[in-house]
Amino acid sequence: MTPEPGIARRELRLRILSMILPITAESVLQMTAGFISMAIIGNKSTMAVVALGLGSRITQIVWALFRGIATGASVFVAQAHGAGNPDRVRKVIVQTLLSATVIVTLLGILIYWQAPRLLGLFDPEPELTGSAALYLRTVLFGLPFMVITLVAAGAMQGMGNAKTPMKIALIMNFANVILGYALIYGRLGRAIPSVMGAALALAISQLIAAALSIYALCRRDGVLSPVGAARLWRLNIREVRDIYRVGIPTSFEHVFWQIAALILTRIILSYGETSLAAYQLGLQAESISYTPAAGFGIAATALIGQRLGAGQGELARTYFSEITKYTLFVTVCTALLLLLFPAPIMGLLTKEPEVIAIGAQYLFIMGLVQLPQNLSGVLSGALRGAGFTRVPMVVAGLGLWGVRIPLAFVLTGCFHMGITAIWIVLGLDLVFRFILSLILYRTKNIYRNAVILSR
């Protein structure tokens, strides 16, 4: 007997909310912690903000690579979980953890020895290079822990468990803020430089998060608790290859973003360190809008992947429709904050009038394009859940390298326009990618042509 439509729709919405609310809360926690941490540093030293921004550009490329791999694992887990295949779920999690930890450790060693040369891509002043290298080399010790947390969170979210990653994020971000404040302002003894304090706080908080993530997976009621057999903890190249085949396109998508950010950072730095500081702080402030909505894309990947794995295409379509409605509501509310209060929001992060003025322009323009940006995230999440991980990569590549970077070079290099032109280019890129994502989403007909990975 078919359940009453009204009841079915309420149950569906409750399931969506059980995913979206913890993921959104986790994103808001990360945004809030980043906001507070940046305020702690920004009110101490503008130079420290710039150094942290340069160092973060390198680590964000590493994050991008492994965020994609974690997403690939999450898609596998979601479809296998929806198909009722727990053995497949366990294999995917273990193989992703093993392979990713080995790779990130080797990559971290390489970056450590080449830190000054990598930072030289931005052509910073010698003093700034030294500070950024100190930050970069310190946070590298936390990269393996970051990757473990990423993979574990993706796996748990793929199975519909968004609450545990949220709790871990709460503890990690609380530790990051408290440790950062204590180290920078000398609450644990002698104060240490802002850059070093921020880096140490981040690395230690990532260690705490990784330990909690492993515990959550391996505890008595965790997904890895019945593993027992040591064979599952041996590297299986064939399994790893399949996971990475799905995850690498998402890695490239994120890496495209980060490489474009490197180039854009250098362009912005040509306007002076004040402009770069405004951009760095503006990105943090903009997260008031895009960070909560980012959870909707993750939820779309997990929930749509589960339903497609279970062969329920029409139910997956309904999930997409409901998630889109929630995204619209949240984005309208948060975008209004950026449009109506750009200067006061920037004023929470710095007391420098010029930084506030430049950053407020950035926030206002970004407020205008939050809706296409956040809806693009949901479209990409749905495509990933259906196994089409290459499509978001193509969209990102065309937007970043066909619109954002070329226009930024033309407007600044050929027409010598001001920094506001860069902010406008960013907005045009976001609109272009939304339109392209929508076209490809409709073209693929993902609910009938999904790539089922759990078979």
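The values are calculated or read from the model by the stated rules, or taken from the named source; none is laboratory data. Keep in mind that this is a model prediction, so the values were computed, not measured. We place every Cβ from the backbone using ideal geometry, glycine too, and count neighbours over all the protein chains shown.
If you take the residues of segment 257-275 that are closer than 18 Å to GLY359 by Cβ, assigned to a helix (DSSP H, G or I) and modelled with pLDDT under 90, which of them is farthest from the chain's Cα centre (by Cα)?
Ranking the candidates gives GLU273 first.
Hey, among the residues in segment 155-184 that are touching a residue at least 60 places away in the same chain (Cβ under 8 Å) and assigned to a loop (DSSP other than H, G, I, E, B), which one's farthest from ALA302 (Cα to Cα)? Here the residue is ALA162.
Does LEU110 qualify as being in a helix (DSSP H, G or I), surrounded by fewer than 18 Cβ atoms within 10 Å (Cβ to Cβ) and out of contact with any His (no Cβ under 8 Å at 6 or more places or on another chain)? The answer is yes for LEU110. You will find that of LEU281, LEU328, LEU336, the residue that is over 29 Å from ALA70 (Cβ atoms) and part of a helix (DSSP H, G or I) is LEU336 and no other.
Exactly one residue among ARG433, ARG442 is assigned to a helix (DSSP H, G or I) and either touching a Pro at 6+ places or on another chain (Cβ under 7 Å) or surrounded by 16 or more Cβ atoms within 10 Å (Cβ to Cβ) (or both), and that residue is ARG433. Taking the criterion of being assigned to a helix (DSSP H, G or I) and hydroxyl-bearing (Ser, Thr, Tyr), the residues of segment 189-225 that qualify are SER194, SER205, SER213, TYR215.
A residue that is buried (at least 18 other Cβ atoms within 10 Å of the Cβ) and assigned to a loop (DSSP other than H, G, I, E, B) occurs nowhere in segment 299-317.
Table: residues versus (1) touching a residue at least 12 places away in the same chain (Cβ under 8 Å); (2) touching an Asp or Glu at 6+ places or on another chain (Cβ under 8 Å); (3) not in a loop (DSSP other than H, G, I, E, B).
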residue	(1), (2), (3)
ILE323	yes, no, yes
PRO344	no, no, yes
LEU349	yes, no, no
PHE364	yes, no, yes
PRO392	yes, yes, yes
ALA396	yes, yes, yes
